[in-house]
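Chemist: Structure in structure tokens, see below.
Each value in this text was obtained by applying a stated rule to the coordinates, not by laboratory testing. Only a predicted model underlies this, so the values are computations on that prediction, with no experimental measurement involved. Ideal geometry is used to build each Cβ from the backbone, glycine not excepted, and the neighbour counts take in all protein chains shown.
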Amino acid sequence: MNKVIDMGLLKPALATDVVVALLEELVLSSGRFNIMLAVDEFNGSFSPTTLRNQQKEWVGPEQLNLIRCLLQHIPQFPGAVLLSLSRSRMLRCSAPGWTPDHLLNGGTVPNERKLESRAILDSCRAVEIPPYTRQEMERCLDYYSQRRWITTDVSQAVLNELWHLTSGCPKTLQRMCASL
């Protein structure tokens, strides 16, 4: 399987096929060990894309092989499934709220995709991830420093400013620290 993964890394045109093969291999070997499928920003699977086909028409997410494969495997996946939803990946959509239902079915999702996303959502349990506490943010910044992802010294003034700018939001903190 390592050779297949290496081939997907070397040839981006084959990356989707490699992910599909890896997912199917995990499903086949699920009896031997516990597995978990984690999909970040899953609501992007139902939102409009920025891709166009040869006729210069917008390509819907249902036309992408990787999305079709994920949506096919998630309902009967033999292990744990972790789906994260994010408002930042909702292209050309306006969600009226922050609930999982709003984030999955943003403003411009066609009805057939709303039904499909609703079916997946019904089989899941929503878990809200609260913002960092001040102590958690300090530990996160320490981790970034240890990994040398932050190259400057984080003084108390910088820490206070980051706390006020990010309000403890992990994603915003990550973005802010990219320039440090």
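Chemist: In debye, nearest 20, what is the charge dipole magnitude of the stretch 1-80 about its Cα centre with +1 on Lys and Arg Cβ and -1 on Asp and Glu Cβ, if you could check? Display every interim value, and only then the final one.
Modeler: Details: 6 positive and 8 negative charges, 28 e Å.
With only Lys, Arg, Asp and Glu charged at Cβ, the dipole is about 140 debye.
Chemist: For THR16, put the label point 7 Å out on the Cα→Cβ axis and report which residues of the stretch 40-63 keep their amide N under 17 Å from it.
Modeler: So the set is 44-63.
Chemist: Among 16-28, 144-156, what's the highest-first ranking by average C-beta atoms within 10 angstrom per residue?
Modeler: Descending packing order for the listed peptides: 16-28, 144-156.
Chemist: Moving to a separate point now. Calculated FRET efficiency, ARG125 and GLN72, Cβ-Cβ r, R0 25 Å, to nearest 0.05? Display every interim value, and only then the final one.
Modeler: Working: r = 21 Å, r/R0 = 0.86.
Efficiency at R0 = 25 Å is approximately 0.70.
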